Every structure is written in C-alpha cells, then in structure tokens.
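A quick write-up on the structure given underneath.
Laboratory data are not the source of any read-out in this text; all were calculated from the coordinates shown. Note that the coordinates shown come from a computational prediction; the quantities given were computed from them, not determined experimentally. Cβ sites come from the backbone with ideal geometry, for glycine too, and all protein chains shown count toward neighbours.
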Amino acid sequence: MTTTAPSSAFPSAFAAVDLGATSGRVIIGRVGRGNLDLTETRRFPNTALRLPTGLHWNLPGLFQGVLDGLGEAAKAGAVASVGIDTWAVDYGLLDADGALLGLPHHYRDDRTRGLAERVRDEAGAQRLYGITGLQHLPFNTVFQLAAARGSVQLGVANTLLLIPDLLAYWLTGSVGAEITNASTTGLLDARTGAWSREIAAATGLDPDLLPPLREPGTTYGTLLPHVAAATGLPAATPVVAVASHDTASAVVAVPATEPGAAYISCGTWSLAGLELDRPVLSEESRAANFTNERGVDGTIRYLRNIMGMWLLEECRRSWAARGLPAELVPLLAEAARAEPFAALIDPDAPEFLAPDDMPAAIAEHCARTGQRPPAEPGALVRCVLESLALAHRRVLRQAAELAGREVTHVHLVGGGSRNDLLCQLTADATGLPVIAGPTEATAIGNILVQARAHGLVGDLTEMRRLVAGTQHLRRYRPQGDRRAWEAADARLEARTAADRVLTSGAGQ
C-alpha cells in the first residue's frame, strides 16, 4: 500500500475497519485538500471454526481484533469516526436482551446445500427475482434462514443483524441494518429499497426480526463507555454506517471518471458488473443469474459473483501444507511461460466452493471435462487465471447486453489488481483496456463515505476524482490474438454446459 507521511495538510482522520474472509485490519485514512493518505494500524486473522454444529465465524475473536486495531488507531492520533465493512449474507441472532444466540454460521457451511433450490422452487424463482433482483447463490441469507427454521435459536430470536451491523451494535448498542449489505440477503425489495414482508412470509421468516434500515453516511451512534475504555478513543466518537458490504465500499473507490466503465472488484470473489440507476429485473437477467444490489446514493450494483482469487489462494495453501513452493511471484512467472489454454475450468463449479484440496479438485474437474489436468503448479495457475479472465469477459458482456449499456473500459480494483498477469489476461479476454487499482479500494470507499458524512468530500463523482488523482493506477492494453480467446471461450462454454448436464444427472 502506498502512503504518504501524515501532516497538518490532513485535517481529519477516519478509522476503517475492513474485515475479509481470512483477515481483518484497521486502516487510518486522512482526507483533505485533494489528498488521501492510508496507514494500516493493525492486521489480524479471521479464522473459521469447525464445530459440531458446522462451520462458524469466531466473531468474539474478530471483535477483539477490531478493538485492538482501534486502540492502535487511537495511539496514532485523533479519529473523527469509525466505519465497518465486511463480507455479505452472514448474520447473528440476538435475543430480547440483546445477547448473541450462538456463533454466526460461515457462508461456506454446507447446511444450505440442496435446500436453497427447494426454497427457490417453493417460493417461485421468478417471484423471488422479480421482487429482490438477487442472484441465486446457495448461501444467500434467505436460504441460510430457511436452514435454521425450527431451530431453538431462531425460535427465541428477537433481532437479526448482519455481521457489520452486529459489530456496530457491540460498539454502540444501536440496532440497524445498513442497506448495501441488506440488499444481499434476498429479503430486500429491489425497487423500493425496503424489507419485503412478502418474501419473508413466503420463506417462513418472521419479518419483525428485521431491524430498521440505514443509508450509508448515517450514524449508528457513539462508542459505549466500555468500548471507549478498551480502545482509548473518546466515548463521543461516532460509528458511521458506511457502505458496509465490502464490494459496495470498493465500488465507491472505482476511479471511473469517464462514461462506459465496467468494474471488477477482485479478491476472494470477483464481482464483475456495472453501476446503474435502476435494477434490471427481466427474465433474461434472472436466467443469467445477475444480481441487483444497492450501492451508495441509491445506485444499483448490477453484477454477478465469480469465484475469484480464492481458487489460487487455496491452491497455494494446499501446496504450502505439503511443503511445496507456494510463493506467488515465482508461480506467476511460471504461469506466464505455460502453454495458453491447455486446460480451462468453470470457476463457479460447486466443487470449488470449499474443497479440502483445491489442486485435486481442479484436476478432477479437468479430467471429468475431457482435459488433461495441469501437471505443474505454473500450468495450474495459468489454468486458474485464464479461466477467471474468461469469466470476467463473459459476465461483463452479458451485463452490458442485459442493461443496454456500452462498455469501453474496465476498472479492476482490490487485491487482484496487484496480479499483473490476471490484469493483462483480463484485458486480452475482454478486448478492452483495463485500469488496475486501487488495491485498497474497500478501505478507501469506507473512508470516503465517512469523510463525506463530515462534509469533506461531495458526491460519488468527486470521490472518484479524488481516488483517480491520488492513487497509483496501472493500465493494460489488449494484446494477442482475439480469435484464440473466442475459441477458448466457446470451448469452455461447451464443456461447462456438458458438465452441468452430467453432474445434475448424476445427482438424481
């Protein structure tokens, strides 16, 4: 992360609590006079727990990491406010006294497998999409709640809070649901931006569990006395409801200053799409499995989730566990030299959601689809990155067609923007220029929404100009033979379609 030395040119500092699926961190952002400065004060692990009841988040441990990080932020100087962003869909249940009823489940827990399809079919796929506009994913909150039906916890629950709202509640004692994250649940009306009591009733959920909605830029409240004592921050420090879904925060920081932009927020997941003024709720959009999620200022994040750098990171984890080389830079150098299009995979195949051994899962997928599995780590990395680039190409082309938009360039933000090979392959696959960066888009979006709440920046256009003017961006032009990408895309699409028929038949 590129930073500049703090100085008196930066009048206000904001603490961004940015929590991902494998780690969390607290970043201080200083905004003022056309400058944006970032300093990471603390990073801590976010490790899932496998318990007899399934895969859970260690939320108390994560909260302690937040407190420690805010304590480090307090030592660095005055903090004007705090904002929290996390992943989507997961939640905790509170009883009537505000106590947490068990540890929240992890979205990769398999308790919704098969159930999601049954709930969708019972409630009506077209009905659900026509109201919520949400992409069908087996771990959507609405399906997780269906898996909890009949449980003691859900029976005695008084309030449902998504993860960032739950952490904000522990900081302030205030209950609410920030709307960008609420829009990922499958329980929000895409047109009105309100909770859908109809969907709640259709899926067997008591709608009174759903808390009041909050817009980004509003305030949860100020720190509870014991939180102030634990962190060293003043009790009057406000906790601002930023765009609490990490992708929504990342999209705030997409440095799009010209029309025709598409975006890819690339981290554990690749979220590829467009920013629109209104949702696309057509049957064609539903069939293509696009989602309409809320962004800042009532915008719509029209996108599709793609399994992202999770594939590569899980391969590296497996290799490291076996004592094999897993350093990223040498692997990418090997991948750049590997044969193009030797093997391709569907990144969203269900076996890649939570395998014990990702390289083995990819090898099995290749063999099942009539391809020779990559023999060397570099070839496997090439397979993963080319497959992701093809997925980026396919999704962005579909999004543009379904939304009736012309796309002229792509902004790739997040951790994946550091991967030069992925950025170049994405430019080659899409045939469009790719502007990579900022890497810290999520934290920047978090900080900018706080800064706007304090009157330091204006609308999204002004925020994005600030990002474009202060952050290091890299540009990639399409190279190579486009016909080769066309052929590879057609080959992958045919194999994927055949594999889905094969696996669905095997499951009957």
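One table, with the values for the structure above:
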{"read-out": "Distance from the range 180-210 to the range 27-97 (C-alpha centre basis), Å", "value": "26"}
{"read-out": "For the range 310-389, average projected area of the Cα convex hull in nm²", "value": "4.7"}
{"read-out": "Cα-based shape type of the range 222-334, given that a ≥ b ≥ c are square roots of the gyration tensor eigenvalues and the cut on a/c is 1.5", "value": "oblate"}
{"read-out": "Relative contact order [Cα under 8 Å, 6+ residues apart], the range 12-246, whole percent", "value": "21"}
{"read-out": "Relative contact order for the range 410-508, counting Cα pairs under 8 Å that sit 6 or more residues apart, in percent", "value": "31"}
{"read-out": "Calculated P(r) over Cα pairs in 10 Å bins from 0, in percent (choose from [x] 4, 18, 25, 21, 15, 10, 5, 1, 0; [y] 4, 18, 28, 25, 16, 7, 2, 0; [z] 4, 19, 30, 28, 15, 3, 0), label", "value": "[z]"}
{"read-out": "Efficiency of FRET between ARG337 and SER23 - r from beta-carbon atoms, R0 41 angstrom, step 0.05", "value": "0.85"}
{"read-out": "Additional length obtainable on full extension of the chain from ALA194 to ASP110, 0.36 nm per residue less Cα span", "value": "27.3 nm"}
{"read-out": "Added length on full extension, which subtracts the Cα-Cα distance from 0.36 nm per residue, GLU486 to THR47", "value": "154.0 nm"}
{"read-out": "DSSP beta bridge pairing in the chain, given as percent antiparallel to the nearest 5", "value": "75"}
{"read-out": "Value of [θ]222 nm, deg cm²/dmol, for the chain, DSSP H segments ≥ 4, -39500 (n - 2.57) each, nearest 500", "value": "-12500 deg cm²/dmol"}
{"read-out": "Rg over Rh [alpha-carbon atoms, Kirkwood Rh] for the range 12-246", "value": "0.98"}
